[in-house]
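Asker: Encoded as structure tokens, here's the structure I'll be asking about.
Readers should treat all values here as calculations from the given coordinates under stated rules, not as data from a laboratory. Bear in mind that the values here come from a model prediction, so they are computed numbers and not experimental data. FYI the Cβ positions are ideal-geometry reconstructions off the backbone, even for glycines, and counts take in every protein chain you see.
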């Protein structure tokens, strides 16, 4: 339910961007660190719902649908809402304080947080969660490596901040679920950031790989 609602809000925001004008919309709601430090803190959250083009939002929403569905199943809707919100906040703050000259948009920080929470679930589930832990950890590592490729224009600060925040939330919020929980993951996400000039948008990847799988046999 929450996963689909988040996707719907992202799509509506994207349609609004197209109707209003991409550059104007991103200037009004994008994560521009200097504006945030001047008091416009809400940009941390609005920027997580803005996307630069169709491919950007398509990859991110596919990733959100895949990993979000499993995180919501394992943690429950209220806890997933907390994880997503705190991960978006963590990613945004990392950009503000460690990349103050790089305006950013995209949901990948929050998505990384969901992957972090999913990895925690795999760890806490022990033997049943080994597949979750191995695959989600692999996805995280691969994407973090990609984040540092020269010329990739990836906001690794957003990814790392979101990942840390989501992982911490997972550690605090995880409860051993009903016996029927097991997930196999493999996935892909994609994000973007605005370049040093707020009017220029550059590409930013998010997790390469989405969870796909089914509930385990009891």
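Asker: Please compute, over every Cα-Cα pair in region 11-163, the percentage with a separation greater than 28 angstrom.
Answerer: Details: 2266 of 11628 pairs.
Percent of Cα pairs beyond 28 Å in region 11-163: 19.
Asker: How far, in nm, would the chain grow between residue 1 and residue 40 when pulled straight, counting 0.36 nm per residue and subtracting the alpha carbon separation?
Answerer: Length difference between fully extended and current span is 11.0 nm.
Asker: Sort 45, 70, 149 so that the residue with the fewest other Cβ atoms within 10 Å of its own Cβ comes first and the one with the most comes last.
Answerer: Numbers: 45 15, 70 27, 149 11.
With the fewest neighbours first, 45, 70, 149 line up as 149, 45, 70.
Asker: Based on the Kirkwood radius over alpha-carbon pairs, what is the Stokes-Einstein translational diffusion coefficient of region 54-135 at 4 °C with 1.567 mPa s viscosity, in µm²/s? It would help to have the intermediate numbers written out before the result.
Answerer: Numbers: Rh = 13.5 Å.
In µm²/s, the coefficient rounds to 96.
Asker: Starting from the Cα of residue 15, step 7 Å along the direction of its Cβ; do the same at residue 142; then give the gap between the two resulting points in nm.
Answerer: It works out to 3.3 nm between the two label points.
Asker: Please compute the length gained on full extension between residue 149 and residue 134, using 0.36 nm multiplied by the number of residues separating them and subtracting their Cα-Cα distance. Working shown, then result.
Answerer: Working: separation 15, 0.36 × 15 = 5.40 nm, distance 2.33 nm.
Gain on stretching residue 149 to residue 134: 3.1 nm.
Asker: Separate question: What per residue convex hull volume, in Å³, comes out for region 91-171 when only alpha-carbon positions are used?
Answerer: Details: hull volume 5.7 nm³, N = 81.
Taking only Cα atoms, region 91-171 has a hull volume of 71 Å³ per residue.
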